[in-house]
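Reading through the structure tokens given below for one structure.
The values are calculated or read from the model by the stated rules, or taken from the named source; none is laboratory data. On a predicted model such as this, the values are computed, not experimentally measured, just so you know. Methodologically, a virtual Cβ is constructed for each residue, glycine included, from the backbone with ideal geometry; neighbour enumeration extends over all protein chains shown. Heads up: the accessible areas ignore ligands, DNA and RNA and are worked out on the full protein's heavy atoms, side chains in. Shrake-Rupley method; radii C 1.70, N 1.55, O 1.52, S 1.80 Å.
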Amino acid sequence: MKKILIFFGGCSTEYGVSLQSAAAVLAHLDQSRYQPVLVGITRQGAWRYYPGGPQEIAADCWQPGSVPCLLDPSRGARRLILLDENWTCLDFDAALPLLHGKNGEDGTLQGLLELAGIPLIGCGLLASALCMDKDRAHKLASLAGVDVPRGKVFGRGASAQELAEAARALGYPLFVKPVRAGSSFGVSRVSEPSQLPAAARKAFENDREILLEEAVPGFEVGCAVLGTRQLTVGAVDEIQLAGGFFDFEEKYTLKTSSIHCPARISPQTARQVQQAACTVYRALDCKGFARVDLFLTPEGRILFNEVNTIPGFTAHSRYPTMMKQIGLDFTTLITRMIETEEEG
């Protein structure tokens, strides 16, 4: 039986989201084929081996009974060391990070696993870092032939005048985003110049660089991609907004928005979205699995938005829903994800 080291939690603003993903994956994992070895990372960044089930993870009461642990960094060791009285060692075969946002989805953990020679399920260091960086991901996608929104990047030393001039050139409304952040943390929709300074401060709270980006007319579509050499593409979904934008609250509560899967677009347009998603996936060196988000304008133009290298994995999240539409139930999907590691 293959032993899978599963990471959850994380020193990130998306700690709670990771708990829900990990609980769902653990509940649907085919445990006749795979034995989970669970490591929770606290909000403070402490690693703890967790021997329990998914309910405690989902309720964020998993820490009692957990044991401090560390990863043996020796290349090929594939061993988790528990800091108990016996210094118990647990072997495993591959690692599946289910961490969202910084310090887990951005290449930091992936780099540690690659340094230790641990087979990694999902995107590696390079793809994880690139996809977290909106500016550099857009530049590579554009070079690969996929359109991207107009935008301009600024560091902390940028003056209010520079920001205002860039905003005027882009036109209002526009978006102000941290270059590196997930789940729309620090993102603001700016409708007039008076809102720009506060939006910039909010974005800088989440990263050292911010992106001013045009507001693209139309709506957002997403595409789940699975595989490394040969790709399986899920049904395209569509985000219908009643107003505003798809911020953190809307992503996880859907108070005023709806997600349609499959998207309410023509089969031909859906194929074009899927093709663009695969192009971006390849251009950013993704492997294993990822969700590619794009914009579709009223004229039918497709523009790249971002890639989530570790998308949400509750049973009702977008990625599993898109794959369910093509016949992959959640348990089968998790098995296929684990099997992608063997593709190399």
Residues in the range 139-171 that are assigned to a loop (DSSP other than H, G, I, E, B) and in contact with a Leu (Cβ under 9 Å, 6 or more places away or on another chain) total 5
Contact list, first residue from the range 188-214 and within 23 Å of Glu14 (Cα to Cα), second anywhere and among the acidic types (Asp, Glu) and assigned to a helix (DSSP H, G or I), beta-carbon distance below 8 Å, six or more apart or interchain, is Glu209/Asp135; Leu211/Asp135
In this structure, does Asp106 turn out to be in contact (Cβ under 8 Å) with a residue 40 or more places away in the chain, of a type in the set (D, E, K, R) and not in a helix (DSSP H, G or I)?
yes
Can you tell me which of (1) open to solvent by 30 Å² or more (accessible area, probe 1.4 Å); (2) closer than 30 Å to Glu343 by Cβ; (3) among the hydroxyl-bearing types (Ser, Thr, Tyr) is the one Ser194 doesn't meet?
(2)
Residues in the range 288-307 that are out of contact with any Leu (no Cβ under 7 Å at 6 or more places or on another chain), of a type in the set (A, V, I, L, M) and under 16 Å from Arg271 (Cα atoms): how many?
2
Could you list, in sequence order, all residues of the range 116-138 that are surrounded by fewer than 19 Cβ atoms within 10 Å (Cβ to Cβ) and of a type in the set (A, V, I, L, M)?
Ala116, Leu126
Is it fair to say Trp87 is of a type in the set (Phe, Trp, Tyr), more than 19 Å from the chain's Cα centre (by Cα) and open to solvent by 50 Å² or more (accessible area, probe 1.4 Å)?
yes
Every listed condition ((1) more than 17 Å from the chain's Cα centre (by Cα); (2) at pLDDT 95 or above; (3) under 27 Å from Lys102 (Cβ atoms); (4) not β-branched (Val, Ile, Thr)) holds for Pro262 save (3)
